[in-house]
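Novice: Questions regarding the structure given below will be posed in turn.
The values are calculated or read from the model by the stated rules, or taken from the named source; none is laboratory data. Everything numeric in this text was worked out from a predicted model, so none of it was measured. For neighbour counting, all protein chains shown are included, and Cβ atoms are generated from backbone atoms with ideal geometry for every residue, glycine included. In case anyone asks, the SASA skips ligands and DNA or RNA and just uses the protein heavy atoms, side chains included. Shrake-Rupley method; radii C 1.70, N 1.55, O 1.52, S 1.80 Å.
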Amino acid sequence: MLRWARACRAGYRAFGPCRPSSSRMPEALRNSSGGGRGDAEPRPLPLSYKLLDGEAALPAVVLLHGLFGSKTNFSSLAKALAQRTGRRVLTVDARNHGDSPHSPDVSYEAMSQDLQDLLLQLGLAPCVLVGHSMGGKTAMLLSLQRPELVDRLIAVDISPVAHASLSYFSTYVAAMKAIDIPHELPRSSGRKLADEQLSLVVQNLAVRQFLLTNLVEVNGRFGWRVNLDALAQHMDKILGFPRRQESYSGPTLFLVGGDSGFVQPSHHPEMKRLFPRAQMQTVPNAGHWVHADRPQDFMDAVQGFLT
């Protein structure tokens, strides 16, 4: 029978109650059809990445961003982790995000396959997977599918269940798609206009600034790096999680924002079933974007789990 593993390091506890770089033209401006094949076997896409050098004898740390994010979200943290741990650190743009190709297939099976191929291509397996939100679900699925590729797993403010109640993500997509910016407008004016239009729907300034990291301008034409069409059509897949029967027996940490409601006590049985050696640590005064709200606490938690 599966049961919770006891925390073996200071600062970690078993599950208990938790409080509710590229200058090329972005894919979003060139092509949004991609290479998905519906229900067929996912075809891996060549992901954009940045690899920081480190000790080859140590498992590399792979940082996976969440929905609407990109590898640049972790730029500073990646450098700090590489310096503090001496490990190689890889940051990756998921398909339909950042500088990676677009595809109508937004499934976690496809995102997992993309990452598996990249890890093997770079010779980074087994590695430490650290995934936030959508990236955390990709990391969890890969760990379940190919446990031999994963030395240990950190899922940041996410659990392996469907989060169907998070309808505001679809609202963000609709608001971004509705942005209307005239051609040839100066970049600063275009961003200001986009912010004003987004503010009608997205009141939170920090969220708007995060979404606007996806707004790019090439030759006087504004567009979104993220594949909004695919996200809008398949948001249910992104908010869901594939049903799995196998478990991942490696060391696992669920790092939860103390002010976030993404990981609920009702999720614990499924977390325990799939990840029997899991521990959970709550970061006080952090919302869903734990690494942005409390970067030092995030760094300490990751480094502590590696030692």
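Novice: If you take the residues in the stretch 235-253 that are in contact with a strand residue (DSSP E or B) (Cβ under 7 Å, 6 or more places away or on another chain) and hydroxyl-bearing (Ser, Thr, Tyr), which one is farthest from Phe169 (Cα to Cα)?
Specialist: Kept after step one, since they are in contact with a strand residue (DSSP E or B) (Cβ under 7 Å, 6 or more places away or on another chain), are these residues of the stretch 235-253: 248, 250-253.
Of the ones still in play, those that are also hydroxyl-bearing (Ser, Thr, Tyr) are 248, 252.
Details: Tyr248: 29, Thr252: 27 Å.
Among them, the one singled out is Tyr248.
Novice: Let me ask something additional. All but one of (1) within 27 Å of Val61 (Cα to Cα); (2) in contact with a helix residue (DSSP H, G or I) (Cβ under 9 Å, 6 or more places away or on another chain); (3) buried (at least 17 other Cβ atoms within 10 Å of the Cβ) hold for Glu246; which doesn't?
Specialist: Only one criterion in (1) within 27 Å of Val61 (Cα to Cα); (2) in contact with a helix residue (DSSP H, G or I) (Cβ under 9 Å, 6 or more places away or on another chain); (3) buried (at least 17 other Cβ atoms within 10 Å of the Cβ) is unmet by Glu246, namely (3).
Novice: Which one is farthest from Pro104 (Cα to Cα) among residues in the stretch 222-252 that are part of a helix (DSSP H, G or I) and of a type in the set (Asp, Glu)?
Specialist: Within the stretch 222-252, the subset part of a helix (DSSP H, G or I) is 228-233, 235-239.
Imposing the further condition that a residue be of a type in the set (Asp, Glu) reduces the set to 229, 236.
Working: Asp229: 8, Asp236: 13 Å.
Checked the stretch 222-252; the qualifying residue farthest from Pro104 (Cα to Cα) is Asp236.
Novice: Residue pairs, Cβ under 9 Å, 6 or more apart or interchain, first in the stretch 183-197 and over 15 Å from Gln209 (Cα atoms), second surrounded by 11 or more Cβ atoms within 10 Å (Cβ to Cβ) and of a type in the set (Gly, Ala, Ser). List them.
Specialist: Hits for this filter: His183/Gly220; Glu184/Gly220; Leu185/Gly220.
Novice: Based on this model, can you work out whether Thr72 counts as among the β-branched types (Val, Ile, Thr), within 14 Å of the chain's Cα centre (by Cα) and open to solvent by 30 Å² or more (accessible area, probe 1.4 Å)?
Specialist: yes
Novice: When the residues of the stretch 98-142 are narrowed to those that are acidic (Asp, Glu) and either open to solvent by less than 20 Å² (accessible area, probe 1.4 Å) or touching a Cys at 6+ places or on another chain (Cβ under 7 Å) (or both), which ends up farthest from Val226 (Cα to Cα)?
Specialist: Within the stretch 98-142, the first condition is being acidic (Asp, Glu), and the residues that meet it are 99, 105, 109, 114, 117.
Okay, now just the ones that are also either open to solvent by less than 20 Å² (accessible area, probe 1.4 Å) or touching a Cys at 6+ places or on another chain (Cβ under 7 Å) (or both), so 99, 105, 114.
Values: Asp99: 9, Asp105: 13, Asp114: 17 Å.
Among residues in the stretch 98-142 that are acidic (Asp, Glu) and either open to solvent by less than 20 Å² (accessible area, probe 1.4 Å) or touching a Cys at 6+ places or on another chain (Cβ under 7 Å) (or both), the one farthest from Val226 (Cα to Cα) is Asp114.
Novice: Among the candidates Val201, Val263, Val226, single out the residue that is under 27 Å from Pro101 (Cα atoms) and either surrounded by fewer than 19 Cβ atoms within 10 Å (Cβ to Cβ) or of a type in the set (A, V, I, L, M, F, W, C) (or both).
Specialist: Val226
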